[in-house]
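Participant: Here it is, the structure, as C-alpha cells.
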Amino acid sequence: MQKFSRESVSWCLLYLFFLGICTVNLTAVSGTIMSPNHPNNYPSSIQCLWLIDLGLGYDITLTFYKFELEKKEDCSYDWVSVREGNTEKSPELINVCADVLPPTIKSKGPMRIYFQTDSDKEFAGFHMTYEAQGKKYAWFEWRHKHNRSRGQNEKHVWTMDAENLISGYTC
C-alpha cells in the first residue's frame, strides 16, 4: 500500500475542493467514507460521488457513525443521497440532511453515494462505513470461431447462480 504524506493529501483535497467535484470509485469489499475534511467542517459548494461497485452479486451494507449537515426540511441546502445502482437515475434509497443519524442501509450492489453542499454554512459532515458480502454469481467465458474465413472470434458469457453451482455439481 502506497503511503502519502499529510501535506500531499492536503494539497490533493484542496485541489479537489477548488474544482468543486470529487469522485471516488470503491472496489474493495469494505471501507470508510467521510465527507471532505471530516471531522472538521466540509467546504462549501462541493459535489462528491462515491461509487461502490464490485460487480454483480454483492449485497452492500452502509452504516453511519456521524452525521451533521445543514438543516432544511426539504434537504435543499446540504444533503446526501444513496442510490441502488451506479447512475443518477438509479432508485433512491435515502436522501438525508440535518443532524439525525440515518439508519443502516442495505442494498444489492452497486451503490451510489452523492454529497452536495451549497455556498453557505458548513458543518462536520459524516463518517460511514460500507461492507459488501456474498458474491452470488460466477461467470464463465469462452470463445469460438464465428467466421472461419475471416478468423473472427465471438465471445460468450454465461452467468450462473454460484450457490446452486456449489451444491454438489461438478464441471
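Participant: Just checking, how many residues over region 21-52 are open to solvent by 50 Å² or more (accessible area, probe 1.4 Å) and either among the charged types (D, E, K, R) or touching a helix residue (DSSP H, G or I) at 6+ places or on another chain (Cβ under 8 Å) (or both)?
Facilitator: 1
Participant: Taking only region 76-106 into account, find how many residues are outside any loop (DSSP other than H, G, I, E, B), without any contact (Cβ under 8 Å) to a residue 40 or more places away in the chain and either open to solvent by 60 Å² or more (accessible area, probe 1.4 Å) or among the small types (Gly, Ala, Ser) (or both). Spell out how you get there, then give the answer.
Facilitator: Our first condition is that a residue be outside any loop (DSSP other than H, G, I, E, B); within region 76-106, this holds for 79-84, 92-96, 105-106.
With the extra rule that they be without any contact (Cβ under 8 Å) to a residue 40 or more places away in the chain, the set shrinks to 79, 81-84, 92-96.
Adding the requirement that they be either open to solvent by 60 Å² or more (accessible area, probe 1.4 Å) or among the small types (Gly, Ala, Ser) (or both) leaves 81, 84, 92-93, 95.
Qualifying residue count, region 76-106: 5.
Participant: If you don't mind, another one. Could you list, in sequence order, the residues of region 57-68 that are at pLDDT 95 or above and open to solvent by less than 30 Å² (accessible area, probe 1.4 Å)?
Facilitator: 60, 62, 64, 67, listed by residue number.
A quick yes/no check of all residues on (1) at pLDDT 50 or above; (2) charged (D, E, K, R); (3) part of a strand (DSSP E or B):
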residue: 11; (1), (2), (3): no, no, no
residue: 14; (1), (2), (3): no, no, no
residue: 32; (1), (2), (3): yes, no, yes
residue: 37; (1), (2), (3): yes, no, no
residue: 41; (1), (2), (3): yes, no, no
residue: 44; (1), (2), (3): yes, no, no
residue: 55; (1), (2), (3): yes, no, no
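Participant: While we're looking at this one, here's another question. Restricting attention to region 107-119, and to residues there that are in a loop (DSSP other than H, G, I, E, B) and in contact with a Leu (Cβ under 7 Å, 6 or more places away or on another chain), which single residue is farthest from residue 37 (Cα to Cα)?
Facilitator: Our first condition is that a residue be in a loop (DSSP other than H, G, I, E, B); within region 107-119, this holds for 109-110, 117-119.
Now narrow it down to the ones that are in contact with a Leu (Cβ under 7 Å, 6 or more places away or on another chain): 109-110.
Values: 109: 27, 110: 25 Å.
The extreme case among them is 109.
The values are calculated or read from the model by the stated rules, or taken from the named source; none is laboratory data. Please read all numbers here as calculations on a predicted model, not as lab measurements. With ideal geometry, Cβ positions are generated from the backbone for all residues, glycine too; neighbour counts draw on all protein chains shown. Side chains included, ligands, DNA and RNA excluded: accessible areas come from the protein's heavy atoms. Shrake-Rupley method; radii C 1.70, N 1.55, O 1.52, S 1.80 Å.
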